[in-house]
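All of the numbers you see were taken from the coordinates with simple rules; none came from a lab. Since this is a predicted model, take the numbers as computed values, not measurements. All Cβ positions, even for glycine, are placed from backbone atoms using ideal geometry, and neighbour counts span all protein chains on display.
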Amino acid sequence: MSRTIVTRSNNPTTSPLADSPALPGNHVADGYQTQFLKLMPIEVISAYITIDGLLRGSILPSTNPAIYIWLLWVVFILLAIINPFYLRYVTKVSSWRQIGLSAGAFVIYIISLGGPFALIGLDEAIIRLIGSILIPIYTLIALIVMNR
């Protein structure tokens, strides 16, 4: 299964007014659930969760919190930069719209986990709550953008 989202609107040989979702070459337009799954950059989120767990389990949070905070931000920024390249060149996603929406999803998922955002002075529970509220809202908006 390709990671590129297939919609009626991104296939030039299919009319967006057609009643059937069937696309040429026996491809079927992805349903919303499949589109949602393809928008989640799960590999990059998993990489962040793994590195975050390693850092939290290390002695850094208690012995050198400044380096711990710095490392969390560096890991987040590096993975945010790597994410579009990973989607484009490894998973072969060609739609820049999808890549951009997946990049936004990465940021929101990291906010929902707390991530380095939990260290900016607000209560970590508030940061996670905000991220958790943003996930369904962002998902609805992203699916609308993908299917316009």
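Once the other residues with Cβ under 15 Å from the Cβ of Leu39 are scored (Lys, Arg +1; Asp, Glu -1), what is the net sum? Intermediate values should be presented prior to the final figure.
On the way: positive: Arg3, Lys38, Arg88, Arg97, Arg148; negative: Asp30, Glu43.
So the environment of Leu39 carries a net charge of +3.
Treating the angle as unsigned and between 0 and 90°, give the value, to the nearest 10°, between the Cα long axis of helix 65-85 and the longest Cα principal axis of the chain.
10 degrees
Counting Lys and Arg as +1 and Asp and Glu as -1, what is the net charge of the other residues whose Cβ lies under 11 Å from the Cβ of Val90? The partial results should precede the final answer.
On the way: positive: Arg3, Arg88, Lys92; negative: Glu43.
So the environment of Val90 carries a net charge of +2.
Fewest Cβ neighbours within 10 Å first, please rank Phe85, Phe36, Phe106, Phe117 accordingly.
Phe85, Phe36, Phe117, Phe106
Taking neighbour Cβ counts within 10 Å as the exposure measure, how do Ser94, Ser102 sort from fewest upward?
Values: Ser94 12, Ser102 25.
Taking fewest neighbouring Cβ atoms as first place, the list is Ser94, Ser102.
How large is the dipole of the chain about the Cα centre if only Lys and Arg carry +1 and Asp and Glu carry -1, each at its Cβ, rounded to the nearest 20 debye?
Values: 9 positive and 6 negative charges, 74 e Å.
Approximately 360 debye in magnitude.
Between Ser132 and Ile42, what's the calculated FRET efficiency when r is the beta-carbon distance and R0 is 22 Å? Round to 0.05. Write out the running numbers ahead of the final one.
Details: r = 17 Å, r/R0 = 0.79.
After rounding to 0.05, the efficiency reads 0.80.
Using all Cα-Cα distances in the chain, what percent lands in each 10 angstrom bin from 0 up to the longest?
11, 35, 29, 16, 7, 2, 0
Taking neighbour Cβ counts within 10 Å as the exposure measure, how do Val145, Val75, Val90, Val44 sort from fewest upward? Show your work: numbers first, answer last.
Numbers: Val145 14, Val75 19, Val90 11, Val44 22.
Exposure proxy ranking, most exposed first: Val90, Val145, Val75, Val44.
Multiply the residue separation of Trp73 and Thr34 by 0.36 nm, subtract the distance between their alpha-carbon atoms, and state the gained length in nm to one decimal.
Numbers: separation 39, 0.36 × 39 = 14.04 nm, distance 3.10 nm.
Going from the current span to full extension adds 10.9 nm.
Just need the relative contact order of the chain here, percent rounded to a whole number, with Cα pairs under 8 Å and 6+ apart. If you can, show how the numbers build up before the last one.
Values: 137 pairs, mean separation 37.9, N = 148.
Here the relative contact order equals 26 percent.
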